[in-house]
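The structure under discussion appears below in the form of C-alpha cells.
The values are calculated or read from the model by the stated rules, or taken from the named source; none is laboratory data. Quantities reported herein were computed from a predicted structural model and do not represent experimental measurements. Here the Cβ is made from the backbone with ideal geometry for all residues, glycine too, and neighbour counts use every protein chain on show.
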C-alpha cells in the first residue's frame, strides 16, 4: 500500500489517506472518516436491502401454505397481511383477530385492533405476548417464521399472486380457522360476481390499457405499471381490457416514457389509495399527461385516476374493484 | 508549470469529444426499435410521429439530463475534495443529498409534492435546508469556515436525515415505500426538457463559480496558510466553494436523484490522467462525468428490456471495478 490514494465507496467511507505529513490533518481525516463510516454506511444499505426485499416479494407468486402444526380452530389470530385481514373479517372470523398489521385499510374495525408491525418490522415480542394460536405471515418474512417456529406458534403463510389465488386463499383460510362453509360461500359469491363482470364485457371492444399504480406527483416520472402476472393484471383482463404490458412476466415494471410511447395504450388507468387525492389534485394530475401527446389515451382523453383501495388490496373486495375497472373501460357513450 | 498544463489539454479535448459523441449517440440506442428516417421526417405530423416522440421526448432529454447530472456531480466532487482537502469527499458527504432525499420522500409519501410543483422542488428545498444547517454550524464558532466542523456537521446531518428518511418510510404505505426507495437509486427518465431547463441556471451559476475557484483551490490544496500568503482570501474561497458545489449538487439531485459513485470515481480517474491541477481537473471531470453517466444510463435502459435498471446500480457496478483496475494498473 505505497500508493498515495485510498478509495472509498461513494456512500460508505472508511479509511484515511496514509502517509500524510501533517499530524493535525491526519487526525482531522481520521475523525471525519470515523464519523463518515459511522453515520453514512448503514442507511443506504438498509434501504437497498428493503428495496430488494420488496422486489423479491412482489416477484414471487406463490399460493397460500398452511403449517400443519395444529388442526383445531384458532381462537386468537394475528394477521400481518391486510388482504388476509379483510378475508378473515369477510368470513366471519373477525372477532377472533387480536392483532393486525400497521397497514390496515379495511374494514374499519380492523384498524382498531392492536398493531403488531408489518412486513419489514413485525414486532415479535408483541406477537408472542398476544398468545396467538395462528399468525398470518407474508411469504418473505423468513426471519419471523423461523422465530415463530421455534416458539411453536402455528402460522398461515401467504403471498400475493393471481386473481384465482384470492378465492382459493379464502377457502384455505376458512378451513384453517374453522369457518370452511362460510368461506366457501364468500369465495363462490366473489367468483360469481367476477363471472358476471366477465360476461357483461364479453364481445365489447377491448382497449389496450396501461394500469399504473404509482407516479411522482406532478410529473411523468417514477411510474409503475402492472405487468403480465398478478391480480391487478388478471382484474384488468377480466374487466375487458388488454394489458399493454401483458408480455412482461412480472407483477410490476417501471413504465418509462419510452415504453409508454412504444406500447401506445388506448386507456391509462392510475390507481391510488383515496387518501390525499382531492378533486382538484386529480384534475391537475390528469393534465400532466399532456407531456406525451401521441399516446392514444391522451388524445382521446381516456385517462382515469381512480382513488380506491379496492383496486389495490387482493382481498374479498376484488369483484368491486373489477367492476369499477369495467365501468371505466366500457362506460356508456364511449 | 506550463508543461503539465499543456499535457492535460489533449485529455480535456478527448473527454469533451467523448461527451459530445455520447450525447449524440445515446438517443439512437434504446429498448424499442425506431426508424430514424421517420424521426427526422418532416412529412409526418409530429403529433402522429411516434418514432420522433420516442426520440425527442423519451431519449434526447434523458441523454441531456444524464450529461447535466453526470458533469455536475463530477465537478461538485472535485470542488468538495479540494475544499475539504479530503480525497474521500463526495458531493453527498455534507448531507446535501440526505436533505434532498428527505424533501423528496416527504413529497412522495404525503403527496404534498403536487402543491409545490413536484418532487424536484421539494428535494431542492430539502437540500437548501441541509446546506443552511451545515453552514450555520461550521460558521458559528469560527470567524471563517472550519472545514473540520463542516465535515463533522455534514456527516452527522447525513445520519440524522437518513434516520428521518427511514421514519418517513415507516409511516408510508407499501407502494409509496417502493417508489421512494426507487427514487433513491436515481432515475433519469425526465420525460421532457422542463426539469433540465429548471436546473440549468443553477448549474451555470455553479460552473462560473467553479471556473473562478480553480486557481485558489490549487493554492488551498497545499495549505490554508500557504494560500493566504499568496494572496488568497481563504474564507471567501471556502465559502464560495461550499455554496457553489452545494448548489450544483442540489440541482443535480433534483433532476436525477442521488446517483452515487459519479462524484468520487470521475474526479479520481481524471486526476490519474491529468494530475491535480484544478484548471485541468474541473473541465475534464465535467466532460468525462457527463459521458460516463450518459453511457451508464444507456446500459440501464437497454440491459434487460423492457425492464429498466436503476442507473445508480450501473454507476456502481461499472465505476467501482474500473476505478480499482486503473488504480492497480498505475501502481
(message) Going by what's in this entry, would residue B:214 be described as modelled with pLDDT under 85, in a helix (DSSP H, G or I), surrounded by 17 or more Cβ atoms within 10 Å (Cβ to Cβ) and more than 10 Å from chain A (Cβ to nearest Cβ)?
(response) no
(message) Looking only at helices (runs of 4 or more DSSP H) that lie completely in region B:1-107, which have at least 2 residues being farther than 28 Å from residue B:211 by Cα?
(response) B:36-39, B:50-53
(request) Within region A:282-298, count every residue that is free of Cβ contacts under 8 Å to residues at least 40 places away in the same chain, part of a helix (DSSP H, G or I) and surrounded by 18 or more Cβ atoms within 10 Å (Cβ to Cβ). (result) 1
(message) Take the conditions in contact (Cβ under 8 Å) with a residue 24 or more places away in the chain, over 26 Å from residue A:273 (Cα atoms) and outside any loop (DSSP other than H, G, I, E, B) and apply them to residue A:172. Does it pass?
(response) yes
(request) Could you please let me know if residue B:199 is in a helix (DSSP H, G or I) and at pLDDT 90 or above? (result) yes
(message) Restricting to region B:150-188, and then to whatever is outside any helix (DSSP H, G or I) and touching a helix residue (DSSP H, G or I) at 6+ places or on another chain (Cβ under 6 Å), can you tell me which residue is nearest to residue B:246 (Cα to Cα)?
(response) B:186
(request) Collect the residues in region B:221-252 that are within 13 Å of chain A (Cβ to nearest Cβ) and either part of a helix (DSSP H, G or I) or touching a residue at least 24 places away in the same chain (Cβ under 8 Å) (or both), keeping them in residue-number order. (result) B:221, B:222, B:224, B:225, B:226, B:249
(message) Looking at A:129, A:60, A:33, can you tell me which residue is at pLDDT 85 or above and either more than 24 Å from residue B:179 (Cβ to Cβ) or surrounded by fewer than 17 Cβ atoms within 10 Å (Cβ to Cβ) (or both)?
(response) A:129
(message) Would you confirm, using the coordinates I've provided, whether residue A:136 is buried (at least 21 other Cβ atoms within 10 Å of the Cβ), within 23 Å of residue A:315 (Cβ to Cβ) and over 21 Å from the mean Cα position of the chain (by Cα)?
(response) no
(message) I'd like the residue in region A:299-325 that is within 20 Å of residue A:264 (Cα to Cα) and not in a strand (DSSP E or B) and, out of all such residues, is nearest to the chain's Cα centre (by Cα).
(response) A:325
(request) For region A:69-105, name all the residues that are free of Cβ contacts under 8 Å to residues at least 40 places away in the same chain, in a loop (DSSP other than H, G, I, E, B) and under 19 Å from residue A:122 (Cα atoms). (result) A:101, A:102, A:103, A:104
(message) If I go through region A:202-223 residue by residue, how many of them are in contact with a helix residue (DSSP H, G or I) (Cβ under 7 Å, 6 or more places away or on another chain) and modelled with pLDDT of 90 or more?
(response) 4
(message) Which count do you get for residues in region B:136-189 that are at the interface with chain A (Cβ under 7 Å from one of its Cβ atoms), farther than 22 Å from residue B:110 by Cβ and either touching a strand residue (DSSP E or B) at 6+ places or on another chain (Cβ under 8 Å) or crowded, with 23+ Cβ neighbours inside 10 Å (or both)?
(response) 4
(request) Pull up region A:244-280, narrow it to residues that are more than 13 Å from chain B (Cβ to nearest Cβ) and within 19 Å of residue B:175 (Cβ to Cβ), then point me to the one that is surrounded by the fewest Cβ atoms within 10 Å (Cβ to Cβ). (result) A:268
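Among the listed residues A:74, A:108, A:82, identify the single one that is more than 22 Å from the chain's Cα centre (by Cα) and under 24 Å from residue A:167 (Cα atoms).
Step by step, each of A:74, A:108, A:82 is checked, and only A:74 is more than 22 Å from the chain's Cα centre (by Cα) and under 24 Å from residue A:167 (Cα atoms).
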(request) Please state which of the following conditions residue B:24 fails to meet, knowing it meets all the rest: (1) over 21 Å from residue B:160 (Cβ atoms); (2) within 12 Å of chain A (Cβ to nearest Cβ); (3) at pLDDT 90 or above; (4) more than 16 Å from the chain's Cα centre (by Cα). (result) (2)
